[in-house]
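Worksheet: one structure, shown below.
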Amino acid sequence: MASAAAVNRIFRLFLLLLVAGASAAGWLAWKAYTEPLAVPAATLAFEVRPGSSLATVARELGAAGVLPYPIALVALARVRGLDRGIKAGSYEIEAGTTLPGLLAKLTQGDVTQTSLVIVEGATFGDVKRVLRGNPDVKNTILDLADSEIMAKLGATGPPEGRFFPDTYFFAAGSTDLAILQRARRAMDARLASAWEQRAGDLPFATPYEALIVASIVEKETGKAVDRPLIASVFVNRLRKNMRLQSDPTVIYGMGTRFDGDLRRRDLEADTPFNTYTREGLPPTPIALPSQAALDATLNPPATDYLYFVARGDGTSKFSSSLADHNRAVSRFQKGGK
């Protein structure tokens, strides 16, 4: 049997190891709590998608090299009772931000932070008005021509449809250029991801063509259940070389001439965006498509639908033949006459 002295030595060693372990854990906790995060540049933009948990966000920031100890963010949130208060949107982390500062941002506890909402279906003109109307945004490029704005953003082509609709959190005094840059990069990333996962045999030669159709799908309905079916109609029409015949494209092409009432003469008046008079796609998107519109356009359900008409309650009636469509138009838009 071991002597009493030996037992005491083992016990003292155990206590020393326990104290050392507790000290190390405490030091690591203090280090994670007080040290600035590993932000790779002056600021880092990242997204929190709707439904994301704090643990998911922590893992993503850990994988990006920002959080050396992702569990520390989750633990801090639980201690403060904030683990269920995370807000979806687009965020910026500035150099020097600590773990508590990051948690404050994610739960909108940082009073120096404000937000701006870019809604689905908005035009670039709408986006500029939202930016102008936010007193916390510094105007630096909004007075420039659209082509100059895109050049400042390091991009080419028309700006319509090129910015992702989302809630953008930022420090008061941020520039319109910085916010638009985040929104443009977000749309580029979302479109690239959707394009990479697209269904086969789609009638789109480029991601930009898909973006155009997604913008039309976005404007055609606000009903989530109808969005994939509307996408299938436009995909089927393009496959058959049929004109899209979309009212929202006509309205967009009319610009300020549209008074809220779309008439037959408007459908017959040719513009580059009139998909009743012109075949194929309009030259640009007509609005900002949501993620749901991108997904529906690039992975539409297999249907034989070629027509749809509004029922009057926000939903649509879909038809595979012109005869069925005409009956639906008579029923839902002409009172059965």
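The values are calculated or read from the model by the stated rules, or taken from the named source; none is laboratory data. Quick caveat, the model's predicted, so the values are computed rather than measured. Using ideal geometry, Cβ is built from the backbone for each residue, glycine included, and neighbour counts are taken over all protein chains shown. With ligands, DNA and RNA removed, areas are computed over all heavy atoms of the protein, side chains included. Shrake-Rupley method; radii C 1.70, N 1.55, O 1.52, S 1.80 Å.
Multiplying the residue separation of N326 and D188 by 0.36 nm and removing their Cα-Cα distance gives an extension gain of 45.7 nm.
Put a dot 7 Å past the Cα of S52, heading toward its Cβ, do the same for T167, and the two dots end up 1.3 nm apart. Of the solvent-accessible surface of the stretch 96-153, computed with a 1.4 Å probe over protein heavy atoms with every protein chain present, carbon and sulfur atoms account for 50 percent. Average accessible surface for the chain: 52 Å² per residue, computed with a 1.4 Å probe over protein heavy atoms with every protein chain in place. With r as the distance between the Cβ atoms of A292 and T98 and R0 = 45 Å, compute the FRET efficiency 1/(1 + (r/R0)^6) and round to 0.05. According to the calculation, E is roughly 0.80.
Roughly what angle does helix 227-239 make with the longest principal axis of the chain, taking Cα atoms, 0 to 90 degrees, to the nearest 10? Taking the Cα atoms of the chain, the angle to 227-239 is about 50 degrees. Centre-to-centre separation between the Cα atoms of the stretch 301-337 and those of the stretch 164-186: 40 Å. Going through (1) 203; (2) 162; (3) 135, the figure that equals volume of the Cα convex hull per residue in Å³ as computed for the structure here is (1). Within the full protein context, the accessible area of K152 is estimated at about 120 Å² for a probe radius of 1.4 Å.
Summary of packing: across the peptides 189-202, 161-174, the per-residue average of other C-beta atoms within 10 Å ranks them, highest first, as 161-174, 189-202. Among A231, L144, P70, whose Cα lies farthest out toward the positive end of the dipole of the chain, if unit charges sit on the beta carbon of Lys, Arg (+1) and Asp, Glu (-1)? Working it through, the farthest residue towards the positive pole turns out to be P70. Reported to the nearest whole Å, the Cα centre-to-centre distance from the stretch 258-294 to the stretch 102-152 is 26.
Whenever you get a sec, compute what percent of the accessible area on the stretch 199-299 sits on carbon and sulfur atoms (1.4 Å probe). Carbon plus sulfur share of accessible area: 48 percent. Take the residue pairs K87/K138; K105/K219; K128/K219; K223/K334; K152/K240 and return only those whose Cα atoms are more than 29 Å apart. Correct reply: K105/K219; K152/K240.
Where in the stretch 66-84 does the label zone of A38 land, with the point 7 angstrom along Cα→C-beta and an amide N cut-off under 20 Å? Inside the label zone: 66-76. E47 exposes around 50 Å² of accessible area when a 1.4 Å probe is run over every protein chain in place.
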